[in-house]
Structures are given as structure tokens and as C-alpha cells.
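Reading through the C-alpha cells given below for one structure.
The values are calculated or read from the model by the stated rules, or taken from the named source; none is laboratory data. Predicted, not measured: the structure shown is a model, and the values here were computed from it. For neighbour counting, all protein chains shown are included, and Cβ atoms are generated from backbone atoms with ideal geometry for every residue, glycine included. Note: areas computed on protein heavy atoms with side chains; ligands, DNA, RNA excluded. Shrake-Rupley method; radii C 1.70, N 1.55, O 1.52, S 1.80 Å.
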Amino acid sequence: MRTVADPDAPAGLHVDEARLWSRLMDLAEIGATARGGVCRLALTETDIEARQLLIGWARDLGLAVFTDEISNLFFRLEGRDRNAPPVMTGSHIDSQPTGGKFDGAYGVLAGFEAVQSLQAAGITPEVPVEIVVWLNEEGSRFSPGMMGSEAFTGRRPVDEILAVTDAEGVSTETALAAVRARFAGLPELPLQRPVSAYVEAHIEQGPVLEERGYPVGAVTGMQGSRRFRVRLTGAEAHAGTEPMATRRDALFAANDVIRSLRDHFAGFDDRMKFTVGLFEVAPNVPSVVPASVLFSIDLRHPDQSVLTAAGDAIADLCQRHARLCSAEVRELANAESLVFPDWLVDLVSEAAAELSIPCLRLLSLAGHDARQLHYHCPSVMLFVPCHKGISHNEAESCTPGDLANGARVLANVLARLSASPLALPERTEAPPGSNAKK
Ligand SMILES: [Zn+2]
């Protein structure tokens with residue numbers, strides 16, 4: 001029996017580029033859109049069909065299949081020590097309504113390819129290796145997303161998740177019950193069980209790796225974000241008779257408020273990202289002075305102290321520039337910027353070096369399930385390039401060669417992490433006042 005220490009059998013050398021690509025294309029057929037993308041919303045028939053496909057593949061590889069009460073899926077390669085907390089890898093298979101083939105799916109299928117490579121290398125891990133499929137990362141049907149990883153890590157109460165409804169008024173609880181009934185035969189594992197380490201492979205969703213010519217990135221941490229809703233309330237009035245000076249025009253107020261916010265955030269470094277992506281005006285008719293505006297703020301910066309200070313200034317700026325209207329600011333989500341453990345980022349770089357695959361250290365500018373796992377066990381991510389950084393888009397595109405290189409590095413990382421039980425380090429404490437939302 002070879003062991004992971006055997007330099008003649010690095011698991012990554014057994015990755016099969018064509019097999020990985022063909023699994024990705026097979027999965028992409030479930031929920032395929034006319035324009036080459038994928039629409040696979042959480043807890044729908046397409047989600048169920050995709051789960052069935054994965055379960056079939058996992059059984060073909062001899063992996064044990066488990067689920068949990070929030071319908072995350074786990075495919076386990078047993079270790080010599082069956083009781084040791086597993087090393088986990090994976091991501092999600094739900095998508096945006098006009099999503100691409102690779103976001104999330106790559107992390108799950110790179111996991112399959114890496115595990116199959118461990119098997120091909122004759123490696124029996126000391127510690128079990130599990131491929132995980134997290135429920136509803138995207139949050140397109142039930143918002144906010146990351147439900148599976150938040151429930152698993154205890155970062156968000158299950159009751160709160162079950163109460164979330166979709167646009168049709170269907171609750172997560174109802175949709176989840178239907179999915180669980182379809183997979184009633186699967187054994188369940190408890191939420192919040194210990195995990196030795198979590199490694200998530202994902203497409204970068206940014207242009208850095210492609211522009212700089214790196215096939216693989218070792219992710220050093222994750223940019224945080226704060227999300228707000230601002231409501232400005234004025235009064236409806238006749239567009240012809242109400243004097244300009246006494247109008248409580250919510251749209252003009254919103255214009256001033258957004259301008260002041262934009263000027264304020266332009267004073268930070270260029271890593272500050274300020275977006276107003278949602279804007280609703282009421283009553284939204286041509287001859288009535290607008291009485292109400294609701295808009296969103298999405299604020300991001302990789303430095304947590306900068307993000308905190310910048311976000312804390314929003315309410316005051318809104319009040320000061322609201323003219324004769326009242327301003328109400330609600331914070332919906334506050335996901336702190338975080339740094340993955342150095343030793344684990346180093347391990348990704350070293351695994352790439354073993355395979356002579358160039359690897360760049362970079363920050364994740366998007367949120368992923370690894371954000372939640374970071375507070376549960378040592379966690380890290382591995383990125384592969386996607387063309388022009390285009391993602392959350394049917395045009396999302398990756399090359400088979402890059403995807404295979406990512407899976408090779410992942411296989412070597414998993415081989416190392418599962419070769420001996422890790423001394424479980426202390427959990428990373430979440431800063432007070434933050435929550436887990438995406
Ligand atoms: Zn994703």
C-alpha cells in the first residue's frame with residue numbers, strides 16, 4: 001500500500017482533465033439555459049435532479065452518502081480512523097437564475113476528481129475525506145444565501161432559515177421538507193459536528209489570475225461587506241401646484257444622499273467598493289412628487305477596520321443630506337473581512353509547487369461558504385481563472401486545463417491534510433456584533 005508520503009504517487013498526478021470536464025458538462029445540462037448558462041435554484045426539481053446525479057457518481061466511487069437536517073450532502077471516502085473529524089472539500093450546486101456552469105459546481109466536481117485521484121494513487125487516508133454540497137449558497141430563491149454552511153456551522157439558527165420565503169411565498173421549511181422526502185433513505189449526520197479542515201475550490205470570479213497568467217490561486221482571505229437598505233420618506237404632492245421650496249421630494253433627497261455617499265467613499269483607497277444596485281421610487285408616476293424611495297447600499301473593503309468605520313458613517317450622511325425628508329437606515333448584513341490561517345495558505349502553495357503549477361496568493365473579493373467554515377475549522381480556498389472574471393453570468397467560461405490544474409492541487413492538499421489527524425486548533429472567534437450573512 002502506498003502512503004501519501006510516497007513521492008512517486010502524488011495524488012494530483014491522477015487527475016483526469018477529460019473526466020472532470022465531462023462531469024462538469026453533464027451537471028451543467030441540469031437546468032441548462034438557451035444561452036449556455038445554468039438556472040438551478042435551491043430546493044427545486046433541478047436541484048433534486050442534480051443531487052441524484054451526484055449521489056450516483058459518489059456511489060460509483062464507493063463513497064458513503066450522508067445528509068443532514070438542512071439537506072447538505074456529504075460524500076465520504078473512509079479513513080483508517082473512521083471516528084476522526086473529516087477533512088472537507090466542496091462548494092454548492094445552486095446557481096443564479098442566469099448563472100454559469102462553473103460557479104460552485106467546480107468546487108464540488110474538483111472534489112470528486114481529487115478524491116478519485118486519491119483512490120487511484122492507492123491512498124487510504126488516515127482521516128476521512130468528505131465532499132460537501134452546501135445548500136443554497138447563492139440565495140437567489142431564498143435570500144440571503146449560504147443557508148447550508150450557516151446552519152452547519154451554527155452561525156445562523158435553523159429556525160430563522162426555515163422561516164425564509166421565496167417570491168411566491170413558499171417557505172424554506174416547505175421546500176426543504178419536499179427535498180428531504182425525496183432523499184428519505186439517506187442517513188443523517190448532526191449539524192455542527194467537528195471538521196479537521198475545509199478546502200474550497202472555486203472559480204475566481206475576478207480577472208486577476210487570467211491577467212497575470214496563473215492557473216491556480218491560494219486564497220489568503222476574504223473581503224468583507226456591509227449591506228444596508230435606506231428609505232427616504234417625503235410626501236406626495238401635485239407636480240403643478242406644490243411650490244418647489246416646500247416639496248418633500250424623496251427622489252431629489254435620494255439623489256443628494258447618494259451623491260454625498262459617493263463623494264465620501266471616493267475619499268478612501270481604490271479597494272473601497274460602493275454600490276447602489278436596487279432603487280425603487282413611489283408612487284412612480286409622472287405628475288406626482290415622489291413620496292418615498294428605497295435603495296440598497298453594498299459596501300466592501302478588505303480591511304475590516306476601514307469597512308467598520310466607513311459603514312458606520314452611512315446613517316449620519318443619509319440624515320444630513322435628506323433635505324426635508326426623513327431617512328431610515330437599516331443594516332441587513334455585516335460580513336467581516338477575514339484572513340485564512342497562514343499554514344493552510346502555505347500548504348496550498350506548497351501543493352502547487354510539488355506539481356510545478358504556478359500559484360498566486362490573492363484575496364477573495366466575493367463571499368463563499370468558506371466564510372462560514374472559517375469560524376468552525378481551519379479553512380482555505382483555492383481559485384482557478386475564469387475568462388475576464390465574468391461570473392454570475394451565462395457567459396462564464398473556464399478552460400479544461402486550468403480546471404484540471406486546480407483539481408491536481410486540491411488532490412495534493414487533501415492528501416496532506418488527511419494523512420494524519422490534525423491537532424484541532426481553537427476556533428476562530430467571530431468579532432462581536434457581526435452576523436453571518438453573505
Ligand atoms: Zn459560488
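Structural remarks
- Selection over the stretch 396-438 of residues that are modelled with pLDDT of 85 or more and either among the charged types (D, E, K, R) or open to solvent by 30 Å² or more (accessible area, probe 1.4 Å) (or both) gives a count of 9.
- Selection count, the stretch 378-395, where residues are within 18 Å of His92 (Cβ to Cβ) and open to solvent by 10 Å² or more (accessible area, probe 1.4 Å): 4
- Filtering the stretch 167-179 to residues that are open to solvent by 90 Å² or more (accessible area, probe 1.4 Å) and over 22 Å from the mean Cα position of the chain (by Cα) leaves only Glu168.
- Selection from the stretch 70-88 of residues that are part of a loop (DSSP other than H, G, I, E, B), in contact with a helix residue (DSSP H, G or I) (Cβ under 7 Å, 6 or more places away or on another chain) and not small (Gly, Ala, Ser): Ile70, Asn72
- Scan the stretch 104-122 for residues that are open to solvent by 10 Å² or more (accessible area, probe 1.4 Å) and of a type outside the set (Gly, Ala, Ser) and the total you get is 2.
- Qualifying residue in the stretch 125-144 (condition: away from the ligand (no atom under 16 Å from the Cβ) and open to solvent by 50 Å² or more (accessible area, probe 1.4 Å)): yes
- Among the residues of the stretch 299-321, just one is touching a residue at least 60 places away in the same chain (Cβ under 8 Å) and among the polar types (S, T, N, Q), namely Gln304.
- A Cβ distance below 6 Å, combined with a sequence gap of six or more or placement on separate chains, defines the contacts here; from the stretch 245-259, residues that are at negative phi and assigned to a helix (DSSP H, G or I) reach residues that are of a type in the set (Val, Ile, Thr) and at pLDDT 95 or above in the pairs Ala250/Val293; Leu251/Val281; Leu251/Val293; Ala254/Val293; Ile258/Val276.
- Of the criteria (1) closer than 25 Å to Arg180 by Cα; (2) in a helix (DSSP H, G or I), which one Ser91 fails: (2)
- Test: residue in the stretch 220-238 that is of a type in the set (A, V, I, L, M, F, W, C) and under 27 Å from Val108 (Cβ atoms): yes
- Members of the stretch 193-241 that are among the charged types (D, E, K, R), farther than 23 Å from Asn412 by Cβ, in a strand (DSSP E or B) and open to solvent by less than 40 Å² (accessible area, probe 1.4 Å): Arg226
- Tabulated pairs, the stretch 97-121, first outside any helix (DSSP H, G or I) and within 13 Å of the ligand (Cβ to nearest atom), second at pLDDT 95 or above and of a type in the set (S, T, N, Q), C-beta under 6 angstrom, 6+ apart or interchain: Gly104/Ser91
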